[in-house]
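Working notes, beginning with the structure itself.
Please treat every number below as a calculation from the coordinates, not as lab data. Predicted, not measured: the structure shown is a model, and the values here were computed from it. No Cβ is skipped: glycine too gets one built from the backbone with ideal geometry, and neighbour counts run over all protein chains shown.
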Amino acid sequence: MTILLIVLIVVIVLGALGLMSVFVRTLIERFQSPEVSEMNFTLPLLHEVFSGFLMILIGLELMKTVVMYFDIHLVHVEVVLSVAMIAIARHVIDVDLMHSPPLSLIGTGIIVMALALGYYYFKKASILDPSRENMNVDRRESST
């Protein structure tokens, strides 16, 4: 249990350090450039930064899911859906629209819609049935 969490923490920290090093290195290169026109942030740089940030966010959400599972032995659907939505958002950012097959883009769109609908209906069901929140609190109290 703790080994898995330690590995996740190490991977997240290394990912964050790698993302920061890319960002700082690019900033230094841009400011050392003598021409002002070369100092602008290019789309590939922003693409890499956002993709790396979303990957770190996925790691943090996975760590949260693992901690919650080991703590109360319950997998929260909302957390799993949010991780899936972050992952598909990262995929949408990474996809090359010019060279991707149309069927792949349609499939990605269907997955986005399915996750959004699933999240919406999950939240709607939890609003309509407030006993679910009480059940989660009761499970936490009984496990301690």
Evaluate E = 1/(1 + (r/R0)^6) for Leu27 and Met98, where r is the Cβ-Cβ distance and R0 equals 35 Å; express this FRET efficiency to the nearest 0.05.
-> 0.75
Tell me the label-point distance for the pair Leu45, Lys123, using the 7 Å Cα-to-Cβ offset, in nm and rounded to one decimal.
-> 3.5
How high is the FRET efficiency between Thr2 and Phe53 when r is their beta carbon distance and R₀ equals 30 Å, given to the nearest 0.05?
-> 0.65
Stretched out fully, how many nm does the piece from Leu17 to Lys64 gain, at 0.36 nm a residue minus the Cα gap?
-> 14.9 nm
